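The values are calculated or read from the model by the stated rules, or taken from the named source; none is laboratory data. Computed from a prediction, not measured in an experiment: that's the story for all the values here. All Cβ positions, glycine included, derive from the backbone under ideal geometry; neighbour counts span all protein chains shown. Please note that ligands, DNA and RNA were not included when accessible areas were found on the heavy atoms of the full protein model with its side chains. Shrake-Rupley method; radii C 1.70, N 1.55, O 1.52, S 1.80 Å.
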Amino acid sequence: MNIVVLVKQVPDTYSERKLTETDHTLDRESADAVLDEINERAVEEALQIKEAQGGEVTVICMGPERATDAIRKALSMGADKAVHLADEALHGTDAPATARALAKVIGTVDSVDLVIAGNESTDGRAGAVPAMLAEVLGWPQLTFARKVETDGTTVKIERETDAGIVNLEANTPAVVSVTEKINEPRYPSFKGIMAAKKKPVTVLSLADAGIDASEVGLANAASQVVASAPTPPKAAGVKVTDEGEGGVQIAEFLAGQKLL
């Protein structure tokens with residue numbers, strides 16, 4: 001199988017995350033950057049399928065130049081090659097435009113059988129790009145998978161919901177998104193880290209991928225943040241001394257907060 005895995009470089013969850021003062025987009029330079037953990041699980045799932053059935057795993061990333069570090073992490077885990085869509089005009093691109101751009105990049109990869117992605121990134125948390133991508137490609141979508149099985153021509157998943165487990169099946173090519181319950185990603189070995197330095201990474205501009213600049217970027221986003229402010233400091237709580245009417249005071253407080 002020829003499998004594409006979508007990966008994204010995100011600010012480390014242990015670093016402070018903030019918005020820029022100019023356009024209120026995520027300030028990616030102010031924090032340490034890492035390969036999103038959910039993407040590691042997507043790569044792991046693709047590698048397990050490859051190990052069972054053969055084939056090739058291609059990593060696709062859309063992001064700034066520094067996202068190369070995240071790409072190399074995926075390659076060191078065992079992916080075969082990568083395609084990096086890097087262009088300054090991509091700054092501020094929203095979810096629908098991201099899906100359209102990724103579809104164009106996937107079109108540069110020959111004979112794709114399966115696209116695997118994380119269910120949502122830890123920076124945007126929209127959780128919609130895989131479904132949007134499937135719509136653009138015209139492929140079946142099997143999202144929020146906790147288990148994936150494929151024989152090359154069909155793919156089956158288990159999706160966990162509040163109502164129980166839903167079993168889905170579709171023909172390939174298809175788009176699958178995985179949750180944190182899918183697997184435990186492997187650690188790159190020293191051999192894998194060294195090999196990753198020699199694996200091919202194709203860097204594409206918007207023009208290379210056939211994407212018009214008017215389709216992406218903050219100026220063309222369907223929604224924008226027009227103002228932002230830091231979270232206010234936590235206020236002191238209200239202390240109730242129970243002298244026989246503690247319950248009444250608590251009830252009045254909750255009612256004042258519109259919680260009763």
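For the reader, a short list of remarks on this structure follows.
- Candidates Leu254, Leu259, filtered to the one that is surrounded by 11 or more Cβ atoms within 10 Å (Cβ to Cβ) and hydrophobic (A, V, I, L, M, F, W, C): Leu254
- If you go through region 1-51 and keep only what is in contact (Cβ under 8 Å) with a residue 40 or more places away in the chain and hydroxyl-bearing (Ser, Thr, Tyr), you end up with Thr13, Thr25.
- Flag not set for Asp162, criterion: out of contact with any strand residue (DSSP E or B) (no Cβ under 7 Å at 6 or more places or on another chain), closer than 20 Å to Ile3 by Cβ and of a type in the set (D, E, K, R).
- Filtered residues of region 47-71 (kept if under 22 Å from Thr179 (Cβ atoms) and open to solvent by 70 Å² or more (accessible area, probe 1.4 Å)): Gln48, Glu51, Ala52
- As for region 221-239, it holds at least one residue that is among the polar types (S, T, N, Q), out of contact with any Leu (no Cβ under 8 Å at 6 or more places or on another chain), at pLDDT below 95 and open to solvent by 70 Å² or more (accessible area, probe 1.4 Å).
- For region 140-189, taking the residues that are in a strand (DSSP E or B) and of a type in the set (Ser, Thr, Tyr), the one that is surrounded by the most Cβ atoms within 10 Å (Cβ to Cβ) is identified as Ser177.
- Subset of region 105-139 [among the charged types (D, E, K, R), at pLDDT below 95 and open to solvent by 60 Å² or more (accessible area, probe 1.4 Å)]: Asp110, Arg125
- Within region 190-209, the set of residues being open to solvent by 50 Å² or more (accessible area, probe 1.4 Å) and of a type outside the set (Phe, Trp, Tyr) comprises Lys191, Ile193, Met194, Lys197, Lys198, Pro200, Thr202, Val203, Ala207, Asp208.
- The single residue among Glu16, Glu21, Glu44 that is in a helix (DSSP H, G or I) and either exposed (fewer than 13 other Cβ atoms within 10 Å of the Cβ) or touching a Pro at 6+ places or on another chain (Cβ under 8 Å) (or both) turns out to be Glu44.
- Criterion violated by Asp94 - all others in (1) open to solvent by less than 50 Å² (accessible area, probe 1.4 Å); (2) over 15 Å from the mean Cα position of the chain (by Cα); (3) among the acidic types (Asp, Glu) satisfied: (2)
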